[in-house]
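**Student:** Have a look at this one.
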Amino acid sequence: MAQQVLSNVIKIRKTIKNMQDYLETTKNVYKEAAENPQPGLCCTTTPVWQLPGLNIPQKMLAMNYGCGSTVNPRDLVNNPKILYVGIGGGMELLQFSYFSRQAGNVIGIDIVDEMLQACKENFADAENQNEWFRSEFIKLIKADALHLPIENNSVDIAAQNCLFNIFKHDDLKKALQEMYRVLKPRGRLVLSDPICEQQIPDNLREDEKLRALCLSGSLPLKEYIKLITDIGFGTVEIRAKRAYRILDPVNYDTDELIFIESVEVCAIKDPMPVDGPCVFTGKTAIYYGTSKFFDDEKGHVLMPNQPLAVCDKTAAALKRLNRKDIFISDSTWFYDGGGCC
Ligand SMILES: C[S@@+](CC[C@H](N)C(=O)[O-])C[C@H]1O[C@@H](n2cnc3c(N)ncnc32)[C@H](O)[C@@H]1O
């Protein structure tokens, strides 16, 4: 009996240690990446914002450790309060402050001292290269994504780029819950992360360094979206999906080629509809019948030959009608607003 208890205690200690180890490894990877910028660390194919009078310092560009972009300029109307978790070299923070140009609207959080320091230095360079910019526009806070020192319902936009994919299941859930907690009702969570539709072998999943490098923690898109909607986000938009990386048998401990993509997702803290979340993956409905319009009497009116962006739930409901005069397109994985819900 005593031996059984002891063995259970040892198991629990080992599990806790493993859980903490990968987070420690992650911190060390980004301490190193802050001290010695590594342009190839995370590989983004998203173009850097080109806007009049916006100059991104060279070191900030080299420290672009994201896998896409998060907040879109159209999210930035009406001076929203923005929280950005996992700051890297500060490039996205600088881009956000381009639109607000005042203190108090943009907050950056990171757990790695060296990253916070490097980001501050990059902001000093940015001040020299952008006459409109002041470092104090952005408030930097040392904190953990799993325990945000931010009040409930206090920010309009919460964003992260290429950090949450590193977290294991329970930590990922916690990080998403924290973002949900701090967002105002109808606030937006904007995420950019790698995803993978193949089964990533356990040896790669458990490789702390690969995980920290955003190469082996990815989930299939459906699982990733389900985690987000299970937290309570009533609307989810897939804004972009792109090729990201390959793990090949020569360079990685895998028998088959593993294809990783990156997604840009916006989740809105809308109330959850009674029939489940609205997930927009870029589907469109087009009515081509002979009536003046088609009305499904659930709030969706299709005008002849005019595309209407529909969420997957509405697309499925229209398909179930089995009509010969309604066309439903496949998901384009590119949704940028408007539509059915
Ligand atoms: C892959 S980098 C992405 C950086 C930035 N978002 C970008 O797009 O360039 C991950 C960032 O998250 C930070 N980080 C790692 N663990 C964290 C944690 N538990 N809480 C907050 N930040 C963390 C790292 O220091 C690093 O800045």
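**Student:** If only one of Lys319, Lys292 is open to solvent by 100 Å² or more (accessible area, probe 1.4 Å), modelled with pLDDT of 95 or more, charged (D, E, K, R) and more than 30 Å from Val190 (Cβ to Cβ), which one is it?
**Tutor:** When all the criteria are applied, what remains is Lys292.
**Student:** Also, I was wondering about something else. Can you tell me which residue among Phe259, Phe233, Phe280 is surrounded by fewer than 17 Cβ atoms within 10 Å (Cβ to Cβ) and either at negative phi or touching a residue at least 24 places away in the same chain (Cβ under 8 Å) (or both)?
**Tutor:** Phe259
**Student:** Among the residues of the stretch 307-330, which ones are part of a helix (DSSP H, G or I), more than 20 Å from Lys292 (Cα to Cα) and hydrophobic (A, V, I, L, M, F, W, C)?
**Tutor:** Matches in the stretch 307-330: Ala315, Ala316, Ala317.
**Student:** What tally of residues in the stretch 21-47 results from selecting those that are near the ligand (Cβ under 8 Å from one of its atoms), polar (S, T, N, Q) and in a helix (DSSP H, G or I)?
**Tutor:** Going through the stretch 21-47 one residue at a time, the tally reaches 1.
**Student:** Separate question: Take Lys27 and decide whether it is open to solvent by 40 Å² or more (accessible area, probe 1.4 Å), modelled with pLDDT of 95 or more and in contact with a strand residue (DSSP E or B) (Cβ under 6 Å, 6 or more places away or on another chain).
**Tutor:** For Lys27, the condition - open to solvent by 40 Å² or more (accessible area, probe 1.4 Å), modelled with pLDDT of 95 or more and in contact with a strand residue (DSSP E or B) (Cβ under 6 Å, 6 or more places away or on another chain) - is not met.
**Student:** In addition: Quick one: count up the residues across the stretch 124-144 that are open to solvent by 30 Å² or more (accessible area, probe 1.4 Å), away from the ligand (no atom under 16 Å from the Cβ) and not acidic (Asp, Glu).
**Tutor:** 5
**Student:** Residues being closer than 22 Å to Arg239 by Cβ, assigned to a helix (DSSP H, G or I) and in contact (Cβ under 8 Å) with a residue 60 or more places away in the chain: count how many of those fall in the stretch 48-75.
**Tutor:** Result for the stretch 48-75: 2.
**Student:** Could you check the stretch 283-323 and list, in sequence order, the residues that are in contact (Cβ under 8 Å) with a residue 12 or more places away in the chain and charged (D, E, K, R)?
**Tutor:** The answer is Lys283, Lys292, Asp296, Lys298, Asp312, Lys313, Arg323.
**Student:** Still on this structure, I have one more. Condition first: buried (at least 16 other Cβ atoms within 10 Å of the Cβ) and not hydroxyl-bearing (Ser, Thr, Tyr). Now tell me which residues in the stretch 329-341 satisfy that.
**Tutor:** Those that are buried (at least 16 other Cβ atoms within 10 Å of the Cβ) and not hydroxyl-bearing (Ser, Thr, Tyr): Trp333, Gly339, Cys340, Cys341.
**Student:** Another question, then. I'm trying to understand the selection: among the residues of the stretch 50-68, which are within 16 Å of the ligand (Cβ to nearest atom) and either within 17 Å of Cys162 (Cα to Cα) or open to solvent by less than 50 Å² (accessible area, probe 1.4 Å) (or both)?
**Tutor:** Ile56, Pro57, Met60, Leu61, Ala62, Met63, Asn64, Tyr65, Gly66, Cys67, Gly68
**Student:** Scan the stretch 145-171 residue by residue and report those that are in contact with a strand residue (DSSP E or B) (Cβ under 9 Å, 6 or more places away or on another chain), within 16 Å of the ligand (Cβ to nearest atom) and farther than 30 Å from Glu197 by Cβ.
**Tutor:** Correct list: Leu148, Pro149, Ile150, Val155.
**Student:** Taking interchain pairs and intrachain pairs at least six residues apart, which have beta carbon atoms under 6 angstrom, with the first residue in the stretch 137-156 and in contact (Cβ under 8 Å) with a residue 24 or more places away in the chain and the second buried (at least 21 other Cβ atoms within 10 Å of the Cβ) and small (Gly, Ala, Ser)?
**Tutor:** Filtered contacts from the stretch 137-156: Phe137/Ser97; Ile138/Ser97; Ile138/Gly108; Leu140/Gly108; Ala145/Ala175; Leu146/Ala175; Asp156/Gly187.
**Student:** Would the stretch 179-198 turn up any residue that is within 13 Å of the ligand (Cβ to nearest atom) and in a loop (DSSP other than H, G, I, E, B)?
**Tutor:** no
**Student:** Now, a different point. With the requirement that a residue be open to solvent by 80 Å² or more (accessible area, probe 1.4 Å) and at pLDDT below 90, what does the stretch 30-49 give you?
**Tutor:** Selection gives Pro39, Thr45, Pro47.
**Student:** Restricting to the stretch 182-214, name every residue that is open to solvent by 40 Å² or more (accessible area, probe 1.4 Å) and closer than 13 Å to Ala267 by Cα.
**Tutor:** Passing the criteria: Lys184, Pro185, Arg186, Arg188.
**Student:** Testing Lys226 on (1) crowded, with 22+ Cβ neighbours inside 10 Å; (2) free of Cβ contacts under 8 Å to residues at least 12 places away in the same chain, one condition comes back false. Which one is that?
**Tutor:** (1)
**Student:** Now for a separate question. Please go through the stretch 237-259 and pick out each residue that is touching a Ser or Thr at 6+ places or on another chain (Cβ under 6 Å) and not hydroxyl-bearing (Ser, Thr, Tyr).
**Tutor:** Ile238, Arg242, Leu247
**Student:** Could you say whether any residue in the stretch 215-222 is open to solvent by less than 20 Å² (accessible area, probe 1.4 Å), touching a residue at least 60 places away in the same chain (Cβ under 8 Å) and within 23 Å of Cys278 (Cβ to Cβ)?
**Tutor:** The answer is no; no qualifying residue exists.
**Student:** Just name the residue that is farthest from the ligand (Cβ to nearest atom) out of those in the stretch 69-97 that are on the phi > 0 side of the Ramachandran plot and under 17 Å from the mean Cα position of the chain (by Cα).
**Tutor:** Step by step, filter the stretch 69-97, then rank; the result is Gly90.
The values are calculated or read from the model by the stated rules, or taken from the named source; none is laboratory data. It should be emphasised that the depicted structure is a prediction, and the values quoted were computed from it without experimental measurement. Counting neighbours? That spans all protein chains shown, and the Cβs are built from the backbone with ideal geometry, glycine included. Note: areas computed on protein heavy atoms with side chains; ligands, DNA, RNA excluded. Shrake-Rupley method; radii C 1.70, N 1.55, O 1.52, S 1.80 Å.
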